[in-house]
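Undergrad: Okay, here's the structure, questions in a sec.
Each value in this text was obtained by applying a stated rule to the coordinates, not by laboratory testing. Values in this document were obtained by computation on a predicted structure and should not be read as measured data. Here Cβ is always computed from backbone atoms with ideal geometry, including for glycine, and neighbour counts include all displayed protein chains.
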Amino acid sequence: MTWRPALSRAAMLRHDPVRQTDLLIVPERIVVLNEEAAAIVGLCDGERTVADIVAELPEGAEADVVEFLDRVRAEGWLR
Amino acid sequence: MSAPWAMLAELTHACPLRCPYCSNPVELAARSSELSTGEWQRILAESAALGVVHAHLSGGEPLLRPDLAPIVAAAEGEGVYTQLVTSGVGLTERRLGELAEAGLRSVQLSVQSATGAESDRIAGVASFARKERAAAVVAASGLPFGLNVVLHRENLDAVGEIIELGLSWGVARIELANTQFYGWGLLNRTALLPTREQLARAEATVKNYREKTDVELIWVIPDYFDGVPKPCMGGWGAISITVAPDGRVLPCPAAYDLPLELPNARDHSIGWIWEHSPAFNAYRGTGWMREPCASCPRKELDFGGCRCQAYALTGDAGRTDPACGLSPDHHLLDELAGGGTWTFRRPAPSASGADRSAP
């Protein structure tokens with residue numbers, strides 16, 4: 001089955017107006033996302049495939065995006 | 001000054017368990033002094049505005065607060081991620097459903113050892129069977145599920161069995177936390193203190209399990225033993241705030257006994273407390289340090305260690321943490337030897353309204 005990345009139940013994505021940044025919050029950790037990472041995670045809605053996500057991002061980023069998504073899934077923050 | 005990221009909300013000091021390692025203060029806050037629902041809602045809103053994004057809802061046993069769901073909802077409404085830290089006693093399917101509905105994000109369940117007999121002996125009350133039922137309820141809910149075990153002389157040798165128990169309960173994370181000697185834990189330090197050999201064996205067991213399982217195993221080091229102090233709270237007044245059941249606000253959950261005038265959220269905003277209260281500024285940064293900390297290259301890494309431990313061991317919270325090998329007081333730790341009997345904590349603070357469901 002094609003993977004359609006979505007945030008796992010453990011993870012919450014939110015903007016932090018105090019620190020002007022995006023955060024991924026999990027049970028024992030707060031991950032500060034840079035702009036690129038936040039843009040990718042923001043597209044993980046359970047509808048888009050990895051190819052769909054790549055298509056919405058600037059050209060030439062495919063390898064980095066795929067690696068990033070795999071890494072975040074390995075942490076258990078995406079399903 | 002940076003903004004705080006996290007809050008430890010001690011919703012009540014009442015607890016059905018009587019664990020002798022409890023880090024609650026020996027002078028437990030009375031139930032009649034507890035903050036109201038509305039006060040917690042205001043504290044959560046002020047904290048979120050200041051920068052808090054993560055709240056551990058703890059105690060005591062937070063399930064003893066009948067208004068836990070509205071408190072969770074208030075945090076969720078402010079965008080604050082909530083984790084319930086519970087003994088599991090009272091965590092029924094219905095209760096957890098109500099909390100999840102309110103926005104609860106994750107659950108951390110405590111257990112005292114690997115078997116019912118041992119867990120109940122350490123908890124001081126029969127509670128293991130209820131923990132087993134709670135574990136099944138959390139696992140079935142699909143909420144992120146962590147197990148927490150405080151380790152000491154009486155259960156370190158069972159660390160492998162404890163990990164097996166967690167795996168069989170379906171947890172995603174096991175926090176193996178060596179006892180921190182504060183509150184009741186300090187009172188019972190002698191009886192809880194492990195041997196170096198016990199620690200080495202347990203650490204080797206944990207290392208083995210790391211190769212066998214994907215479940216995250218967190219080993220919280222016992223800083224009495226390795227000559228390097230722990231970085232107290234990531235720096236005093238740097239990352240986290242603790243709110244006591246009666247509204248006192250602390251830079252660290254162990255700071256109850258320090259000779260500081262603790263600010264109260266009933267009298268001041270969380271913003272004022274964080275930025276201006278004398279208690280939060282007492283050991284902030286590095287300006288307060290004396291030697292050997294003041295010229296130490298590690299001072300921005302460990303912040304001189306733990307103020308509460310320095311005070312508990314030397315009577316002066318401004319001294320270098322004796323856990324540090326460079327501390328002139330380090331010999332105080334070498335002189336400690338473990339063994340003996342312990343004192344169970346009181347089941348609940350003496351005041352009206354305390355829960356009496358414990359046997």
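Undergrad: With the calculation restricted to Cα positions, what are the radius of gyration and Dmax of chain A in angstrom?
TA: Cα only, chain A: 12.2, 40 Å (Rg, Dmax).
Undergrad: Next question. Rank these for me by crowding, B:Leu8, B:Leu313, going from fewest to most other beta carbons within 10 Å.
TA: Taking fewest neighbouring Cβ atoms as first place, the list is B:Leu8, B:Leu313.
Undergrad: Separation between the B:Asp67 and B:Asp157 pseudo-spin-labels, each 7 Å from Cα along Cα→Cβ, expressed in nm?
TA: 4.8
Undergrad: Here's something else I'd like to know. Once you place label points 7 Å from the Cα toward the Cβ at B:Ser168 and B:Asp226, how far apart are they in nm?
TA: For the pair B:Ser168/B:Asp226, the computed spacing is 3.0 nm.
Undergrad: Report ³J(HN,Hα) in whole Hz for each residue of region B:325-331, in order, from the Karplus equation J = 6.51 cos²θ - 1.76 cosθ + 1.60 where θ = phi - 60°; Gly and Pro get x.
TA: Once rounded to whole Hz, the list reads x, 8, 5, x, 9, 4, 4.
Undergrad: How do the peptides A:12-25, A:60-73, B:57-70 rank, highest first, by the average count of neighbouring beta carbon atoms within 10 Å per residue? Intermediate results must be reported in sequence, preceding the final value.
TA: Details: A:12-25: 16.2, A:60-73: 14.3, B:57-70: 21.5.
The peptides rank, most packed first, as B:57-70, A:12-25, A:60-73.
Undergrad: Then there's this: Using a cut-off of under 18 Å, list every residue of region A:1-31 whose amide N is near the label point 7 Å from the Cα of B:Asp214 along the Cα-to-beta-carbon line.
TA: Under cut-off, by backbone N: A:1-11, A:27.
Undergrad: Under a 5 Å amide H to amide H cut-off, with H placed in plane at 1.01 Å, what residues pair with B:Val220 once short-range neighbours are removed?
TA: B:Leu176, B:Ala177, B:Asn178
Undergrad: Rounded to whole Hz and in sequence order, give me ³J(HN,Hα) for region A:57-67 from the Karplus expression 6.51 cos²θ - 1.76 cosθ + 1.60, θ = phi - 60°, writing x for Gly and Pro.
TA: Result, rounded to whole Hz: 9, x, 4, x, 9, 3, 4, 5, 5, 4, 5.
Undergrad: Equivalent-ellipsoid semi-axes (√(5λ), Cα gyration tensor) for chain B, whole Å, largest first?
TA: 29, 27, 19
Undergrad: Still on this structure, I have one more. Enter the mean number of other protein chain beta carbons within 10 Å of the beta carbon of each residue in B:46-55, as an integer.
TA: What the average comes to for B:46-55 is 3.
Undergrad: Take B:Trp272 and B:Ser295, extend 7 Å from each Cα along the Cα→Cβ direction, and tell me the distance between the two endpoints in nm.
TA: If labels sit at B:Trp272 and B:Ser295, their model points lie 4.2 nm apart.
Undergrad: In debye to the nearest 20, how big a dipole does region B:181-225 give about its Cα centre with +1 on each Lys and Arg Cβ and -1 on each Asp and Glu Cβ?
TA: So the dipole magnitude of region B:181-225 works out to roughly 160 debye.
Undergrad: Could you line up B:Tyr224, B:Tyr209 from fewest to most neighbouring Cβ atoms inside 10 Å?
TA: The fewest-first ordering by Cβ neighbours comes to B:Tyr209, B:Tyr224.
Undergrad: Show me the three semi-axes of the equivalent ellipsoid for the protein assembly as shown, from the C-alpha gyration tensor (sqrt of 5 times each eigenvalue), largest first, rounded to whole Å. List each step's numbers first, then the result.
TA: Working: eigenvalues 222, 139, 122 Å².
Each semi-axis is √(5λ); the values are 33, 26, 25 Å.
Undergrad: Net charge around B:Val137, counting only other residues with Cβ within less than 14 Å of its Cβ (Lys, Arg = +1; Asp, Glu = -1)?
TA: Surrounding charge for B:Val137 is +2.
Undergrad: Order these by the 10 Å Cβ neighbour count, fewest first: B:Tyr256, B:Tyr283.
TA: The most exposed by this proxy come first: B:Tyr256, B:Tyr283.
Undergrad: Within chain B, which is the longest segment that contains none of the GluC sites (Glu not before Pro) sitting in a DSSP loop with at most 11 other Cβ atoms within 10 Å?
TA: The answer is B:28-260.
Undergrad: Which values, in whole Å and largest first, are the semi-axes of the equivalent ellipsoid of region B:111-257 obtained as the square root of 5 times each eigenvalue of the Cα gyration tensor?
TA: Here the semi-axes work out to 25, 20, 17 Å.
Undergrad: With only Lys, Arg, Asp and Glu charged, each at its Cβ (+1 for the first two, -1 for the last two), find how big the charge dipole of region B:1-70 is about the Cα centre; round to the nearest 20 debye.
TA: My answer is approximately 100 debye.
Undergrad: In whole angstrom, note down how far apart the Cα centers of region A:28-75 and region B:170-218 are.
TA: 35
Undergrad: Just checking the output field for B:144-151: average partner chain Cβ neighbours within 10 Å of each residue's Cβ?
TA: Average per residue, whole number: 2.
Undergrad: OK, next. Can you list residues from other chains, or at least 5 along the same chain, whose modelled amide H is less than 5 Å from the amide H of B:Leu11?
TA: So B:Leu11 has HN proximity to B:Ser58, B:Gly59.
Undergrad: Karplus couplings for region B:233-241 from phi (6.51 cos²θ - 1.76 cosθ + 1.60, θ = phi - 60°), rounded to Hz, Gly and Pro as x?
TA: Result, rounded to whole Hz: 6, x, x, 5, x, 10, 10, 9, 10.
Undergrad: May I pose another question? Using amide H atoms built 1.01 Å from N in the peptide plane, name the residues 5+ places from A:Ala6, or on other chains, whose amide H lies under 5 Å from its own.
TA: For A:Ala6, whose amide H was placed from the backbone, the distant partners under 5 Å are A:Gly46, A:Arg79.
Undergrad: Then there is this: Quick one: work out Rg over Rh on the C-alpha atoms of region B:189-287, Rh as Kirkwood radius.
TA: We get a ratio of 1.11 for region B:189-287.
Undergrad: Using the Cα centre of region B:262-317 as the reference point, and only Cβ charges (+1 on K/R, -1 on D/E), how large is the resulting charge dipole? Debye, rounded to the nearest 20. Spell out each step's value before the answer.
TA: Working: 6 positive and 6 negative charges, 8 e Å.
Dipole magnitude for region B:262-317 comes out near 40 debye.
Undergrad: With a ≥ b ≥ c taken as the square roots of the eigenvalues of the C-alpha gyration tensor of region B:228-333, please select rounded if a/c is under 1.5 and otherwise prolate if a/b is larger than b/c or oblate if it is not?
TA: Since a/c reaches 1.5 and a/b is larger than b/c, the shape of region B:228-333 is classed as prolate.
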